[in-house]
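Values in this text are rule-based calculations from the coordinates and carry no lab data. Keep in mind that this is a model prediction, so the values were computed, not measured. Neighbour counts run over all protein chains shown; Cβ positions are idealised from the backbone, glycine included.
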Amino acid sequence: MDRVETIKLSWEETWSLWKDRVAGGLVLPLFFALVACGVIVLLLLVILWMTFVPGLPTEPGFDLSNYTQVLGDRLLPTVGNTVLVGFGSTAFALFWSVSMAWLIHRTDMPWKPLLMAAIAVSVLIPGFMKAMGWILLLSPKIGLINLALMNLLGLEDAPLGIYNRFGIIFVQGLMLTPTMFFLISGPMRSMDPALEESSEVTGVNKWKTQFYVTLPLMWPAIFSGAIYIFMTAVSIYEVPALLVGFGKYPLLSTAIFLNTAGTEQATKLPQYGMAGVYGLLITIPSIVALFFYLRLIKQSHRYAVVTGRGYRPKLFPLGRLKYLGSLFVLIFVILAVILPFSVLLWASLLPSLKMPSREALSYVTLEYYSRIGQIVGADVIRNTVLLMAVAPLAVLFLALMISWIVVRSRLWGRGAIDTITMLPHAIPGIGFAFALVIVAMLTARWFPWIPLYGTIWVIILANVVNRLAYATRVTNAALLQVSQELEDAAAICGVGKLRAIRRIMVPLITPSLLFAGVWTTMLVFREVSMALMLSNPGNIVFSVHVWTRWQSGAMSEAAAMGVVMVTTLGVIFLIAQSVFRGRLYGIQGL
Amino acid sequence: MLRIKDLQKTYITADGSVQAVRNVSFEVHKGQFFTLLGPSGCGKSTTLRCVAGLEVPDKGEIWIGDKAVCAIDESKRSLIPAHKRGVGMVFQSYAIWPHLTVFGNVAFPLRYAGARVPKAEIADRVQHSLKLVQLESLAERPAPFLSGGQQQRVALARALVYEPELLLLDEPLSNLDAKLRLEMRHELRELVERLAITALYVTHDQEEALAVSDRIALMQDGHIVEEGDPRKMYDCPDSVLTAAGIGESNRIEGELAREGSEGKEGIVSSSLGEVFCSVPERCRQGEKVTLLFRPEDVVLHTATIEHRVNFWAGTVEAAVYLGKRIECSVRIGEQLLRCEADSQAVLKKGQTVSIEVPLERIRVFPS
C-alpha cells in the first residue's frame with residue numbers, strides 16, 4: 001500500500017528540522033547525552049593518544065617508541081595467553097550456562113526456583129573473592145582440598161594446582177557463568193512452542209528437535225552472549241593477579257595494570273605509553289566484537305524468537321534423568337557459591353588456615369571481625385557510601401537522558417548516540433580506568449580545581465562510564481514500553497504535557513529504574529578492578545581494601561572483610577527481592 | 001460542527017519526505033457519524049490526528065464548533081494544543097494506562113485535566129460512563145487484566161466521561177475478533193446516536209464504513225476521492241475509483257459503439273461482445289469507456305432459456321459455497337466474471353451456465 005512519494009531532504013531542511021526539534025523540549029536531554037558520549041569518545045582518544053607519548057602525559061614528545069617496546073616485551077606470548085584464557089573461560093562459562101539455562105527454563109527438572117535463586121546469589125560473590133576462596137581450597141601449600149586429598153591418598157605432593165592458566169580459566173568461568181545464564185534466559189523462555197511442535201508433528205523426535213530446532217534458534221543469543229563474555233574474560237586482571245601474579249604468566253590485562261600502577265614492590269616505574277598500547281590491543285578487538293554483537297542482536301530479532309508475548313514454552317520431559325539435572329545445577333552452585341564462601345567464612349574465624357577438626361575449632365575467634373572497625377577507617381566507609389549512592393543515580397540520570405533522545409526523538413544522529421553508549425558494554429573497564437588515570441593526571445596539572453586526581457570522584461566517574469551501556473538498555477526498554485499513544489491519550493483527555501509525564505510516564509518507568517538502580521548499587525560496591533587501578537591513599541573503597549589486605553598477607557582479615565561484603569550484598573539483594581517480588585532474576589550483566 | 005479546509009501534511013523522515021495529506025477539505029454536521037475510509041497509508045489517520053491536535057499540519061484550517069483550533073498558512077500560524085481541544089478519542093491500540101485500574105483510567109481526565117472536579121462527582125460520572133459501556137462491575141480491575149473487548153469499552157468510557165461534543169475514533173474495532181467487531185459496531189453507532197454527539201471515524205473496512213456512517217469520504221493517496229452517504233457511495237458513485245474502492249465489482253474495458261439518446265440505451269463493444277447500457281451523455285462514439293457492475297447484480301441461469309439482452313453463455317471456473325450464497329467465477333471467452341448465486345443452486349466446475357446482467361445495473365465511466 002506504499003503509494004506515497006518520498007523526496008530526499010536537503011541539508012538545510014534537515015538542519016531546520018533539527019532546530020525545531022531541539023527547541024521542542026529536547027535541549028536538556030540532548031546536552032547530557034552529548035556530554036556522556038563526549039566523555040566516552042574522549043577517553044578512547046586518550047588511550048590512542050597515550051600510545052604515542054614516550055614519557056609522562058604531561059611531558060612533551062610524540063613517537064612510536066611504545067610500540068617498539070611492546071613488540072620487544074614478550075608481545076606474542078602475552079597475546080597468546082590472553083586469547084587462550086579468554087577462549088577457555090568463555091567455553092567453561094558456556095558449558096555451565098547453556099546447560100543450566102536449558103535445564104531450568106525448558107525441562108521439568110525439580111527444585112527450579114531454589115536453584116535459580118542460587119545462581120542469582122552466585123553473582124553476589126565477586127570474582128576476586130571466588131579466587132581467594134579457591135586459593136584457600138586448592139593452593140599447594142595450604143589448600144584444604146589438596147591437604148585432604150594428600151591425607152586420604154597418602155601423597156607427598158599436592159595433586160591439584162590453582163596457580164596456573166587452568167586456575168584462571170576455572171575461576172573466571174565460574175564468575176562469568178551467571179552473566180551468560182541471564183543473557184540467554186530471556187530468549188530461552190520466550191521461544192514460541194509452535195516452532196518445536198511443528199518439528200515434532202513432522203515426525204522428528206524430541207531430542208532431535210531440541211538439537212536441530214531449539215539449539216539453532218538459540219544460536220544468535222548464545223553467540224552474541226559469548227562475544228560479550230569473551231571480551232569480559234580477557235579484561236579481568238584481578239583474578240590472574242591473585243592466582244599467577246604479574247610477571248610469570250603475562251596477559252594483556254595484567255600488563256595494562258602493571259604498566260599503569262606499578263607493582264606493590266615498586267620495582268618498576270609506570271610506563272603509561274606501553275599500558276596504552278596494551279589497552280589498544282584490547283580495545284580494538286572489542287569494538288570489532290561490538291560491531292558483530294550488534295549485528296547478531298539485530299539478527300536474533302529477525303529470528304523472531306523473542307516476541308514478548310506470553311508464551312509458555314513446553315517443558316521437555318527428562319523422565320528419570322530429572323534429578324540428574326538438578327544435581328548438575330547443584331554442582332555449579334557448590335563450586336561457585338558454597339565452597340568459596342564457606343572456606344572464606346572458615347578462614348575468617350582462624351588466625352591461620354587449618355583443616356576443620358576439633359583442634360581447629362578451639363582456635364575459632366571473632367577477633368578479625370572486631371578488628372574490621374579499626375582497619376576500615378571512616379574515610380573508606382565515606383568513600384564506599386558515596387560511590388554506592390552517587391554512581392547509580394548519575395548512571396540512571398544519564399541513561400534516561402540518552403534514552404529520551406534515542407527512543408523519543410527523531411533527531412538525526414540519535415543512532416550514533418545509541419551506538420556510542422553501547423561502547424562501554426564491550427570495551428573493558430580497565431581501558432576506561434587507564435584513560436581516567438591519564439585524564440586525572442592532566443587535570444591535576446592544568447585544571448587543579450577539578451577534584452579528579454586521587455579522589456573518589458574519579459572512581460565514581462569510571463563506574464558511571466562502565467555501567468552506562470547496561471543502564472541505557474534498561475531505560476531504552478522502559479521508555480519503549482510507554483508507547484506514544486499512552487501519552488497522546490492523556491493529551492486528548494485534556495491533560496497537559498508535564499502532568500502527563502508525571503501521571504503516566506513516571507509511574508510506568510519507576511519499577512525499571514529502581515530495579516536497575518539496585519543492581520548498579522550492588523555491582524559498583526563489588527567492583528574492584530577499576531577502583532584498584534585508580535586507587536590512591538585518599539580514595540580507597542571497601543573492595544580495594546579487601547584486595548590489598550589479602551595481597552599484603554593478612555588472610556584472616558581479608559576473609560572477614562570479604563564475608564562482611566558478601567553479607568551486605570546479600571542483605572541488599574534480599575530487601576530488593578522482597579520489594580520486587582523475585583523479578584530481580586531477569587537481570588543481565590555484571 | 002467540524003470543518004476542515006485545505007489540510008496539508010508532509011512527513012519528514014530519515015528517508016525523505018512523505019506527502020500524507022494533500023488538500024483535504026470536508027465538513028461534518030452536528031450529530032453526524034462521518035467516516036474516512038481508505039487503505040492504509042491513504043492519509044486518513046493523519047487527518048484524524050491533525051483534528052485531535054496530535055499532529056501539526058503544514059497548512060490548512062480546522063474548526064471545531066465555532067472555534068478555529070488550527071489555522072496555518074504562509075502568513076499565520078495559530079494552534080490550540082491537543083489537551084485544550086476538548087475532543088474524545090479512541091485509539092487503535094486503546095492506549096489504556098496499564099498502571100491504573102478501570103476506574104483510574106476513566107477518572108483520569110476528570111482528575112488531572114484543567115477543571116477540578118469534586119471527588120464525589122468523579123465517582124458518579126465514572127460510574128455513569130462505565131454504565132454506558134456496560135462495564136460497571138469491573139471498575140476495580142487493573143487494566144492489564146482486561147480482554148481486548150473490555151479494553152475497547154474502557155477506552156470508550158474514558159473518551160465519553162468528560163462529555164465531548166466531538167468523538168474521534170481511529171480504527172477502534174480493528175483489533176477485535178470478527179464476531180465482537182460486529183457487536184461493537186452496532187453498539188458504537190447506537191451510543192453515538194443516543195448521546196447525540198458528532199463522530200469522526202477512521203477505518204479501512206468498507207463494510208464497517210457502510211454499516212455505521214451517515215456520510216463516508218473515500219480517501220486515496222492523501223486526497224478525498226469522493227464523499228457521500230453510504231447508499232450513494234455504493235450504488236451510484238461518481239468515479240470509477242470509488243466503485244472499485246468500495247465493494248467488489250467486475251470491471252470491463254470497452255469502446256462506445258453507439259451513443260445513447262433519449263429513451264434508447266447505448267452499446268459498448270467489449271471482450272464480452274456488445275453490451276447494452278445507459279451511457280452518460282458526455283460520452284461520444286468511439287470513446288474508451290469502463291464498465292462496472294457488482295457480482296450480486298449478475299443473474300446466473302443454470303437451465304437453458306431464450307436469448308435476452310446482455311446475455312452470455314460461459315463455464316463455471318470456481319464455485320465457493322458460503323452458506324447464505326455461492327460465490328463463483330464464470331469464464332466467458334477471455335473474460336472472467338465474478339458473480340453470486342443462490343445457495344440452493346448446484347454448481348460444478350466446468351459446468352455450462354448462462355449469465356445475464358440487467359442493463360440498469362451497469363455503470364459506464366469514461367476511461
Charge dipole (chain B, unit charges on Cβ, about Cα centre) - positive-most of B:LEU156, B:LEU359, B:GLY254: B:LEU156
B:SER278-A:ARG410 FRET efficiency (beta carbon distance; Förster radius 35 Å; 0.05 resolution): 0.05
Nitroxide proxy distance, nm - points 7 Å out along Cα→Cβ at B:LYS179 and A:VAL83: 6.5
Dipole magnitude of segment B:224-272 about its Cα centre (Cβ charges: Lys, Arg +1; Asp, Glu -1), debye to nearest 20: 140
Under 19 Å from the Cα of A:LYS206 - lysines, other chains or at least 8 residues apart: A:LYS314, A:LYS322
Hull shadow area, averaged, segment B:142-269 [alpha-carbon convex hull, nm²]: 11.6
Evaluated over segment B:193-323, the Cα radius of gyration and Dmax, each in Å: 18.5, 56
At least 27 Å along the helix axis (C-alpha) and Kyte average at least 0.5, DSSP helices within chain A: A:27-50, A:75-106, A:165-189, A:215-235, A:272-302, A:378-408, A:456-481, A:506-526, A:555-580
Calculated [θ] (222 nm, deg cm²/dmol) that DSSP helices of n ≥ 4 give over chain A, each run adding -39,500 (n - 2.57): -23000 deg cm²/dmol
Cα-based equivalent ellipsoid, the protein assembly as shown: semi-axes from gyration tensor eigenvalues, Å: 70, 33, 29
Relative contact order for chain B, counting Cα pairs under 8 Å that sit 6 or more residues apart, in percent: 15
Relative packing of peptides A:131-137, A:374-380 - highest average C-beta neighbours within 10 Å first: A:131-137, A:374-380
Rounded tilt (10° steps) of B:148-160 against the dominant C-alpha axis of chain B: 60
Spin-label model distance (nm) - A:LEU45 vs A:ARG165, 7 Å beyond Cα toward Cβ: 3.9
Size of electric dipole in the protein assembly as shown: Cβ of Lys, Arg +1 and of Asp, Glu -1, about Cα centre, debye, nearest 20: 2860
Rel. contact order, % - alpha carbon contacts under 8 angstrom, at least six apart, chain A: 22
Computed over segment B:40-134: relative contact order in percent, which uses C-alpha pairs under 8 Å that are six or more apart: 14
Residue among B:VAL56, B:ALA143, B:PRO39 farthest towards the positive dipole end of segment B:2-243, charges placed on Cβ: B:ALA143
Convex hull of segment A:455-590 built on C-alpha atoms - directionally averaged projected area, nm²: 10.2
Percent breakdown of C-alpha pair distances by 5 Å bin, ordered from the shortest bin, for segment B:248-366: 2, 12, 22, 23, 17, 12, 7, 4, 1
Three-way shape label, segment B:1-90, alpha-carbon gyration tensor, a/c 1.5: oblate
Between segment A:436-491 and segment A:187-241, the Cα center-to-center distance that results, in Å: 32
Helix B:119-132 axis, angle to chain B major axis (alpha carbon atoms, nearest 10°): 20
A:LEU149-A:VAL27 FRET efficiency (beta carbon distance; Förster radius 60 Å; 0.05 resolution): 0.35
